[in-house]
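The structure appears right after this line, and notes come after that.
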Amino acid sequence: MWPFGRGRARKREELPSVDRLPQHVAIIMDGNGRWAQARGLPRIAGHEAGMRAVRRTVRAADEFGIRVLTLYAFSTENWRRPREEVEFLLSLPTRFLESDLPELKERNVSVRVMGFLDELPPHTRAAVEQAVAETEGNTGLVLNFALNYGSRREIVYALQRILYAVRDGTLAWSDVEALREEDISRFLLSADLPDPDLIIRTGGEMRLSNFLLWQAAYAELWFTPRFWPDFTREDFLEGLRAYAERERRFGALGDGGRR
Ligand code: IPE
Ligand code: IPE
Ligand code: MG
């Protein structure tokens, strides 16, 4: 067992009950640049500090008993940034996995990656693919990195695959009529993951920035002004407690409507 420290039992009590915990939490890790700027540091110093927040957050998610943690690490639009910043951002997965893979294995974490990997630098791609392969059989927390991920492009890609399946005859025209929502989900990059229950965005912006547009249909959204490098276990708990108090109705009436 990983040593969680003496505070574990007490911290467990602060958690909402298991049935009020989200299964899948997805985080838009934003505010690294502003965190650095506020300290008179270059933006990449913010990304460096952001990596430490990733480490803390993964540990916390594991200890809280979250099933799936998706972290938005690099979007298909982040290529628009200066080349040095892009290079730095894309070196972080390699560095993070180099330092943290042993601990992730110890924790029985299964590493996954969701995004357009072909376009990544070879070292980044190799590092994540190796981590995925080495942790494939693990049954604990699923740690899913959204890397070079963009939801609109994911949907285009899903459509292309459906159309190719029709062209190749693996999907018949008569099946097209019967296409269901689940069939679309199956062709997305998130195919074998449950939809996110809770989406957290740090850094104060209240938008999705092309993250999980289809999958977020009924996700609860929680925003915090905290910049990502400052995001703590306590902030995470605050988000989980807020989630536990929400009433998810999925279009029905919920408890309040049954009187
Ligand atoms: C999040 O922080 C990191 C990525 C988008 C990859 P930002 O770099 O966007 O930080 P801000 O939003 O400029 O402060
Ligand atoms: C979203 O943050 C992308 C990631 C966190 C990886 P951005 O900083 O790129 O989003 P915008 O540009 O402010 O919408
Ligand atoms: Mg940002």
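The values are calculated or read from the model by the stated rules, or taken from the named source; none is laboratory data. Just so it is clear, the structure is predicted and the values come from calculations on it, not from any experiment. Here Cβ is always computed from backbone atoms with ideal geometry, including for glycine, and neighbour counts include all displayed protein chains.
In the stretch 11-56, the qualifying residues are those that are in a loop (DSSP other than H, G, I, E, B) and either near ligand 1 (Cβ under 10 Å from one of its atoms) or without any contact (Cβ under 8 Å) to a residue 12 or more places away in the chain (or both), and the one that is nearest to P194 (Cα to Cα) is M29. Taken as a whole, the stretch 117-124 holds no residue that is over 16 Å from the mean Cα position of the chain (by Cα), within 22 Å of F187 (Cα to Cα), within 16 Å of ligand 3 (Cβ to nearest atom) and modelled with pLDDT of 95 or more. Would you check if R59 is assigned to a helix (DSSP H, G or I), out of contact with any strand residue (DSSP E or B) (no Cβ under 9 Å at 6 or more places or on another chain), under 20 Å from E205 (Cα atoms) and of a type in the set (K, R)? Considered against the rule, which asks whether it is assigned to a helix (DSSP H, G or I), out of contact with any strand residue (DSSP E or B) (no Cβ under 9 Å at 6 or more places or on another chain), under 20 Å from E205 (Cα atoms) and of a type in the set (K, R), R59 comes out as no. In the stretch 139-217, counting only helices (runs of 4 or more DSSP H) that sit wholly within it, the ones holding 1 or more residues that are within 16 Å of ligand 2 (Cβ to nearest atom) and touching a residue at least 40 places away in the same chain (Cβ under 8 Å) span 151-167.
Can you find a residue in the stretch 57-65 that is modelled with pLDDT under 95, more than 16 Å from ligand 3 (Cβ to nearest atom) and over 16 Å from the mean Cα position of the chain (by Cα)? No, the stretch 57-65 contains no residue that is modelled with pLDDT under 95, more than 16 Å from ligand 3 (Cβ to nearest atom) and over 16 Å from the mean Cα position of the chain (by Cα).
Identify all residues within the stretch 42-53 that are within 16 Å of ligand 3 (Cβ to nearest atom) and over 15 Å from R201 (Cβ atoms); write none if there are none. Across the stretch 42-53, the qualifying residues are P42, R43, I44, A45, G46, H47, E48, A49, M51. Annotation: of all residues in the stretch 218-235 being within 16 Å of ligand 3 (Cβ to nearest atom) and in a loop (DSSP other than H, G, I, E, B), the one that is nearest to G251 (Cα to Cα) is T224. Anything in the stretch 89-123 that is in a helix (DSSP H, G or I) and more than 21 Å from T57 (Cα to Cα)? List them, or say none. If the condition is that a residue be in a helix (DSSP H, G or I) and more than 21 Å from T57 (Cα to Cα), then L117, D118, E119, P122, H123 are the ones that fit.
Taken over the stretch 208-242, the criterion of being among the aromatic types (F, W, Y) and within 20 Å of Q23 (Cβ to Cβ) is satisfied by F211, W214, Y218, W222, F236.
The selection criterion, being without any contact (Cβ under 8 Å) to a residue 12 or more places away in the chain, away from ligand 2 (no atom under 11 Å from the Cβ) and surrounded by fewer than 17 Cβ atoms within 10 Å (Cβ to Cβ), holds for S99. Among the residues making up the stretch 177-193, a single one is surrounded by fewer than 14 Cβ atoms within 10 Å (Cβ to Cβ) and within 30 Å of D235 (Cβ to Cβ): D192.
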